[in-house]
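Worksheet for the structure shown next.
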Amino acid sequence: MGSSDAQGNGPHQPAIALSQTLAVGSATLQIDFADGPLDLPRSEIVQRIQTAAQAVSTYYGRFPAPRTRILVIPVVGQHGVLQGTTWGNRSGFSAFLRLRIGQSTTREELASDWVITHELVHTALPSLPDDQHWLEEGIASYVEPIARVQAGQLSAAGIWADMMQGMPNGEPEPHDQGLDVTHTWGRTYWGGAMFCLMADVEIRKQTGNRRGLQDALRAIVAAGGSIDKEWPLSRVLDIGDQASGTHVLEQMYARWSVTPVPVDLPQLWAQLGVRSTTHGVTFDATAPLAAIRDSITTPLPPKPL
């Protein structure tokens with residue numbers, strides 16, 4: 001899982017070697033490369049950022065932040081996308097991302113990276129108080145792989161396998177409290193992602209699979225709820241619940257924020273029809289929630305501008 005600090009003071013500004021602007025729908029992304037060596041052509045990193053932005057646009061129906069700046073900082077002698085941090089409302093930009101990318105990053109490492117998409121998802125939620133940092137990270141952790149499946153960049157079986165492996169990290173430990181109180185790595189990232197998965201399933205159960213968490217998150221963006229805003233969480237949850245026609249987000253938050261809520265994950269996977277085998281994940285089309293599982297990774301049509 002990635003690192004994001006939507007309310008930090010912003011990074012030191014290094015010298016810029018190259019700047020390029022991308023249009024993603026009606027949004028613009030300014031990509032600035034700090035001085036430093038990169039083995040891969042910068043154009044390939046720009047393309048990877050564009051691919052990530054397309055996945056986020058697919059999930060939300062448009063790119064969430066109108067003007068985004070992405071600062072790429074090469075790190076000598078390192079491999080891979082090492083770290084990303086996202087702030088809102090910096091120097092005239094709705095969102096500002098800092099990406100630290102290893103000088104020796106290979107094409108394969110760049111293609112398999114999840115950090116860039118994760119950080120771009122952070123642009124799609126207002127900045128929340130520190131106690132709700134888990135919801136920012138949980139949404140980014142949950143939406144990132146689903147957005148990439150909806151954009152045709154990952155397989156559904158692959159991300160369900162990752163969830164089966166990772167979600168147990170979000171279960172409460174014996175002395176944990178609610179998510180607003182227990183800020184460990186597992187509870188912040190995987191606990192937040194588990195909250196999102198359970199909310200998605202519950203919204204779909206209550207609406208006959210006509211609505212899901214994606215509808216709620218799209219509505220928050222449509223209402224102007226990008227990272228440059230600072231909204232009370234009650235407003236975020238209310239907009240999301242109105243869009244789904246349920247009270248799932250408000251009711252789940254009221255419980256999960258203050259109480260350690262364990263989830264029977266083996267039972268959940270069985271109901272969704274997700275089975276782990278020696279050859280990877282297989283799907284059971286006869287499982288009671290198989291249609292919900294399929295709908296989670298099926299793209300919605302884009303929202304009209």
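Can you confirm whether the stretch 270-282 contains a residue that is touching a strand residue (DSSP E or B) at 6+ places or on another chain (Cβ under 6 Å), surrounded by 14 or more Cβ atoms within 10 Å (Cβ to Cβ) and free of Cβ contacts under 8 Å to residues at least 12 places away in the same chain? Yes. Residues that are surrounded by fewer than 18 Cβ atoms within 10 Å (Cβ to Cβ) and either under 21 Å from Asp131 (Cβ atoms) or touching an Asp or Glu at 6+ places or on another chain (Cβ under 8 Å) (or both) within the stretch 200-230 comprise Lys229, Glu230, listed in sequence order.
If only residues of the stretch 76-99 that are free of Cβ contacts under 8 Å to residues at least 60 places away in the same chain and crowded, with 20+ Cβ neighbours inside 10 Å are counted, the one that is farthest from Ala222 (Cα to Cα) is Val81. Taking the criterion of being over 18 Å from the mean Cα position of the chain (by Cα), open to solvent by 70 Å² or more (accessible area, probe 1.4 Å) and over 17 Å from Phe93 (Cβ atoms), the residues of the stretch 9-60 that qualify are Asp35, Asp39, Arg42, Ser43, Gln47. Residues in the stretch 266-305 that are within 22 Å of the chain's Cα centre (by Cα), at pLDDT 95 or above and assigned to a loop (DSSP other than H, G, I, E, B): Thr297, Thr298.
The values are calculated or read from the model by the stated rules, or taken from the named source; none is laboratory data. Owing to the predicted nature of the structure, the values given are computational and were not obtained by experimental measurement. Positions of Cβ are backbone-derived with ideal geometry, glycine not excepted, and every protein chain shown enters the neighbour counts. Just the protein is used for accessible areas: all its heavy atoms, side chains included, with ligands, DNA and RNA removed. Shrake-Rupley method; radii C 1.70, N 1.55, O 1.52, S 1.80 Å.
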